[in-house]
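Just below is one structure, and these are the notes that go with it.
The values are calculated or read from the model by the stated rules, or taken from the named source; none is laboratory data. Just so it is clear, the structure is predicted and the values come from calculations on it, not from any experiment. Note that we place each Cβ from the backbone using ideal geometry, even for glycine, and neighbour counts take in every protein chain shown.
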Amino acid sequence: MSRIVSLVPSITELVCELGLASELVGRTGFCIHPRDLVKRIPKVGGTKTVNLAKVRALAPTHVILNVDENRRETAHELATFVPNLVVTHPLAPQDNLKLYRQIGTAFGKEREAEALCARWRRAWEQSVQQRFTPRRVLYLIWKDPWMTVSRDTYISRTLAVFGLSTLPEKAPQRYPKISLDEHWISGLDLVLVSTEPYRFRQAHLDGIRRATGKPAQLIDGEMTSWYGPRAIAGLAYLAELSSSLRK
C-alpha cells in the first residue's frame, strides 16, 4: 500500500475522490476538502512552507507536488528521501483529463480515473454549448502587493472559455504584481476578486471599485483555480457566472 503526502489542495481532493483516502498520510494546511476525510490526516505545513522533517517522519512512498504551488527547492529536498515524486502542472481546463489519468495510473486507480474523465467531459459539453459575451477582466489574487494572473495560467485559460479575457495581455511573470492605476485598467469591463489565495471578502470591493473606477465582484477561487473533481463543478459555476453578468 502507498503512503501518500499531497502538497496540492485540489489534488488532495482528487486523491480522495479516486478512493485513496486511506493511503493519504500527510497534507498541507490548505488541503481542506473533503473535510470529513482530511481532518484526520496530519498537516505538514503550507504549500510553500513545507515542514520537511514532518514529511520525513511520515515515511511517504509518494509525494504529490505542483509546479505553481510548491517551490522547486522543496522538490529537490524531497527527492533525497522520497522514492516517488508525482509532479503535476495543468495549464488549461482540458488538462484535468491528463491529471486524472496521471494520478490514477500512479496508484492503480485507472478505472476510477476514467469515470472521472467521463464526468468532466459531460460537464464540459453542457457548459460550453452556450455563447458567452466577451469581457475584459482583471482577476485579483493578492493584496499588498496587488497581484493578478497572466494569460499563461490555468486560471486565465479557464476564464477565457467563458468569454472572460484577463488583462494585462502580456506580463513578465505568470503571477505579476500590478498597480490599480495601470494604463490598461481603463480598458477593463470588470474586476473579478478571488476568494483565494488571499481571503478577499465583500468588504474589499468598495476600495477596489474606487481605485479602478470599474465594477468589481467576488469570484469563488476554488471553482476557478482548483483542478481535480472541483474543476467539474467549476465549469458549471463559471458558465452561470458569465451568463449572470448579462443581467
Per the filter on the range 145-161, residues within 17 Å of the chain's Cα centre (by Cα) and within 19 Å of ASP189 (Cβ to Cβ) are THR148, VAL149, SER150, ARG151, ILE155, SER156, ARG157, THR158, LEU159, ALA160, VAL161
- Would you mind stating whether SER156 is part of a helix (DSSP H, G or I) and crowded, with 17+ Cβ neighbours inside 10 Å? yes
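Rundown of residues vs (1) modelled with pLDDT of 95 or more; (2) part of a helix (DSSP H, G or I); (3) among the aromatic types (Phe, Trp, Tyr); (4) within 26 Å of VAL15 (Cβ to Cβ), yes/no style:
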site	(1), (2), (3), (4)
VAL86	yes, no, no, yes
PRO93	yes, no, no, yes
LEU97	yes, yes, no, yes
ARG101	yes, yes, no, yes
GLY104	yes, yes, no, yes
GLU112	yes, yes, no, yes
TRP124	yes, yes, yes, yes
PRO145	yes, no, no, no
ASP152	yes, no, no, no
Looking across the range 10-32 at residues that are in contact with a strand residue (DSSP E or B) (Cβ under 8 Å, 6 or more places away or on another chain) and assigned to a helix (DSSP H, G or I), the single one that is nearest to GLU69 (Cα to Cα) is ILE11
Output for Cβ contacts, cut-off 9 Å, separation at least six or different chains, first residue outside the structural domain of ARG3 (by TED's automatic domain parsing) and of a type outside the set (Gly, Ala, Ser) in the range 69-82, second part of a helix (DSSP H, G or I) and surrounded by 12 or more Cβ atoms within 10 Å (Cβ to Cβ), reads none
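Let's see how each residue does on (1) small (Gly, Ala, Ser); (2) surrounded by fewer than 22 Cβ atoms within 10 Å (Cβ to Cβ):
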position: SER22; (1), (2): yes, yes
position: VAL25; (1), (2): no, yes
position: GLY29; (1), (2): yes, yes
position: LEU37; (1), (2): no, yes
position: GLY45; (1), (2): yes, yes
position: LYS54; (1), (2): no, yes
position: LEU65; (1), (2): no, no
Those residues of the range 210-232 which are assigned to a helix (DSSP H, G or I), within 24 Å of ARG174 (Cα to Cα) and either more than 19 Å from the chain's Cα centre (by Cα) or not aliphatic (A, V, I, L, M) (or both) amount to ALA211, THR212, GLY221, GLU222, THR224, SER225, ARG230
For PRO134, the lone unmet condition from (1) of a type outside the set (Ser, Thr, Tyr); (2) buried (at least 16 other Cβ atoms within 10 Å of the Cβ); (3) in contact with a Gly (Cβ under 9 Å, 6 or more places away or on another chain) is (2)
For the range 164-194 the number of residues that are surrounded by 17 or more Cβ atoms within 10 Å (Cβ to Cβ) and either under 21 Å from ALA231 (Cβ atoms) or not assigned by TED's automatic domain parsing to the domain that holds TRP226 (or both) is 5
Within the range 159-196, residues being among the β-branched types (Val, Ile, Thr) and in a loop (DSSP other than H, G, I, E, B) number 2
